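The values are calculated or read from the model by the stated rules, or taken from the named source; none is laboratory data. What you see is a predicted model, and the numbers here were worked out from it, not measured in a lab. Cβ placement follows ideal geometry from the backbone for every residue including glycine, while neighbour counts extend to all protein chains displayed.
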Amino acid sequence: MHTSPSSIPATPVTPAPTTVGPRIMKGINWIGLRTFIRKETARFMNVYMQTLIAPLVTLFLFFIVFTLALGGGQGQSREILGVPYVAFLAPGLLMMTMIQNAFSNSSSSITIAKVQGNIVDVLMPPLSAGEILAGYALGSLIRGLMIGAIGIAFLALFLHVTVHSIWMVAGYALLGNLMLGLLGILGGLWSEKFDHLAAVTNFIITPMTFLSGTFYPLTALPDAWQKVALCNPFFYMIDGFRAGFIGVPEADITTGIILLTCLNAALAFMAWQMLDKGYKIKS
């Protein structure tokens with residue numbers, strides 16, 4: 001007996017599962033993210049003499065030179081904000097060193113990958129824009145905090161280090177290093193070659209760092225420049241970090257925390273948008 005194809009009942013087809021590997025955990029590729037953070041950490045640890053030791057040498061030279069120059073050779077006796085000048089100077093120098101290296105970590109990682117053409121190694125794995133953003137930012141944060149921890153131990157060899165509030169020290173260290181790590185991501189994505197990245201460093205990061213009150217109190221500036229300094233977010237991160245050690249802030253602590261938190265959120269959103277659209281990294 002002949003049976004027409006139309007009389008045969010159709011067998012329902014079960015769709016194949018669409019979840020891939022580690023993405024089943026709330027949509028986040030935890031294995032990939034952890035691997036990416038390890039890759040970013042290993043990148044600077046493999047050249048630790050350049051990425052960790054060299055910044056500490058620079059920190060020591062700045063500490064000696066500015067103690068003698070601005071401390072008038074009396075860094076232990078001259079007081080600023082009620083503390084010896086060396087106690088005022090050391091936290092600012094340490095924070096400056098931390099954030100500069102946090103910026104350098106993410107910006108150089110992205111720029112080198114773009115110039116060498118191996119940015120595809122970051123784009124090909126199943127990592128979302130948010131996961132790539134987190135990997136770069138956390139890699140920068142780890143490097144900055146490592147320099148901070150080693151730097152505190154290093155400075156303790158030359159002066160008595162006291163901590164007024166560990167929460168202020170840790171909070172401002174996290175906010176400051178995260179902010180510069182995010183700025184480094186933006187700078188690395190925008191830069192097409194090392195000259196562009198050097199321009200960002202020389203004309204934005206370095207001036208804002210040196211004009212942040214690292215080496216002098218805010219009251220040492222004329223009134224007009226004090227108002228300008230209060231518009232510099234770098235001033236708040238260094239002032240809050242220093243206040244965590246000496247207990248005397250120049251600006252309102254709450255204002256600094258709110259400002260840095262909002263800036264970090266805005267920078268993270270901008271960086272996520274650029275990564276999501278493949279700005280200058282996808283052709």
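Some points to look at:
- Among (1) touching a Pro at 6+ places or on another chain (Cβ under 8 Å); (2) modelled with pLDDT of 95 or more, the one test that Trp272 misses: (1)
- Residue tally, condition touching a residue at least 60 places away in the same chain (Cβ under 8 Å) and either part of a helix (DSSP H, G or I) or within 28 Å of Ile132 (Cβ to Cβ) (or both), over region 40-72: 12
- Considering residues of region 54-87 that are among the hydroxyl-bearing types (Ser, Thr, Tyr) and surrounded by 16 or more Cβ atoms within 10 Å (Cβ to Cβ) only, the residue modelled with the highest pLDDT: Tyr85
- Extreme residue, modelled with the highest pLDDT, among residues of region 206-233 that are in a helix (DSSP H, G or I) and within 18 Å of Pro249 (Cβ to Cβ): Pro233
- Qualifying position, being surrounded by 11 or more Cβ atoms within 10 Å (Cβ to Cβ) and either closer than 24 Å to Met237 by Cα or modelled with pLDDT under 90 (or both), among Arg38, Arg23, Arg34: Arg23
- All of Gly139, Gly151, Gly92 fail the test of being in contact with an Asp or Glu (Cβ under 6 Å, 6 or more places away or on another chain), under 24 Å from Phe241 (Cβ atoms), crowded, with 21+ Cβ neighbours inside 10 Å and not aliphatic (A, V, I, L, M), apart from Gly139.
- Any hit, region 200-213, residues being surrounded by 13 or more Cβ atoms within 10 Å (Cβ to Cβ), within 20 Å of the chain's Cα centre (by Cα) and farther than 30 Å from Val86 by Cβ: yes
- Scanning region 246-283 for residues that are part of a loop (DSSP other than H, G, I, E, B) and without any contact (Cβ under 8 Å) to a residue 12 or more places away in the chain yields Pro249, Asp252, Ser283.
- Filter result (assigned to a loop (DSSP other than H, G, I, E, B) and touching a residue at least 24 places away in the same chain (Cβ under 8 Å)) within region 77-128: Leu81, Gly82, Ile119, Pro125, Pro126, Leu127, Ser128
- Considering residues of region 234-265 that are farther than 22 Å from Ile80 by Cβ and touching a Leu at 6+ places or on another chain (Cβ under 9 Å) only, the residue surrounded by the most Cβ atoms within 10 Å (Cβ to Cβ): Leu260
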